[in-house]
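In what follows, a single structure is set out as structure tokens and then discussed.
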Amino acid sequence: MTAPTPSIQELTDTYAKDVAVASGAEPTSSPSVFIAQLRTASINLDDAGINGSEYLDNAAVYLEDALNSTDQNEVQILTNRAARYLEATADLVGKYRALACD
């Protein structure tokens, strides 16, 4: 049995706080703003030398494509791919927070 596909909004709501920390912004409930914050967070993590920062950029690409798609099957595939990349968010942001405290 496979887990249900999360919606773009569910992914936004789940990861918004952590992504906001790494992007230097306030948490958002807007998927399009969240995608922009993912890109900024990816750059900030990369600048901090944190391996895996590209996961957030990859998630942003998939979410943006899903947001712009009208094909529900494609949306499911893209959102699932984004969700897999976002699974590392808490760990990546935890490393970023640790660096900020040093």
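The values are calculated or read from the model by the stated rules, or taken from the named source; none is laboratory data. Computed from a predicted model, the values in this text were never measured in an experiment. FYI the Cβ positions are ideal-geometry reconstructions off the backbone, even for glycines, and counts take in every protein chain you see.
Out of the residues in region 10-43 that are among the polar types (S, T, N, Q) and in contact with a Ser or Thr (Cβ under 8 Å, 6 or more places away or on another chain), state the one that is nearest to residue 88 (Cα to Cα).
Residue satisfying both the conditions and the ranking: 42.
Being farther than 22 Å from residue 5 by Cβ, part of a helix (DSSP H, G or I) and out of contact with any Leu (no Cβ under 7 Å at 6 or more places or on another chain), is that true of even one residue in region 23-32?
yes
Looking at region 79-97, can you tell me whether even one residue there is among the hydroxyl-bearing types (Ser, Thr, Tyr), at pLDDT 95 or above and outside any helix (DSSP H, G or I)?
no
With the requirement that a residue be out of contact with any helix residue (DSSP H, G or I) (no Cβ under 7 Å at 6 or more places or on another chain), under 29 Å from residue 98 (Cα atoms) and of a type in the set (S, T, N, Q), what does region 39-79 give you?
51
Within region 1-14, can you find the residues that are closer than 24 Å to residue 96 by Cα and hydrophobic (A, V, I, L, M, F, W, C)?
11
Run residue 17 past the list (1) closer than 17 Å to residue 96 by Cβ; (2) not in a helix (DSSP H, G or I) and report the number of the one that doesn't hold.
The single condition residue 17 does not satisfy is (2).
Restricting to region 1-43, give me the number of residues that are among the polar types (S, T, N, Q), surrounded by fewer than 17 Cβ atoms within 10 Å (Cβ to Cβ), more than 20 Å from residue 69 (Cβ to Cβ) and in contact (Cβ under 8 Å) with a residue 12 or more places away in the chain.
The total comes to 2.
Report, by residue number, each residue of region 77-102 that is free of Cβ contacts under 8 Å to residues at least 40 places away in the same chain, of a type outside the set (Lys, Arg), within 23 Å of residue 63 (Cα to Cα) and surrounded by fewer than 18 Cβ atoms within 10 Å (Cβ to Cβ).
If the condition is that a residue be free of Cβ contacts under 8 Å to residues at least 40 places away in the same chain, of a type outside the set (Lys, Arg), within 23 Å of residue 63 (Cα to Cα) and surrounded by fewer than 18 Cβ atoms within 10 Å (Cβ to Cβ), then 77, 87, 88, 91, 94 are the ones that fit.
In region 44-64, which residues are touching a residue at least 12 places away in the same chain (Cβ under 8 Å), surrounded by fewer than 16 Cβ atoms within 10 Å (Cβ to Cβ) and not in a loop (DSSP other than H, G, I, E, B)?
54, the sole residue that qualifies.
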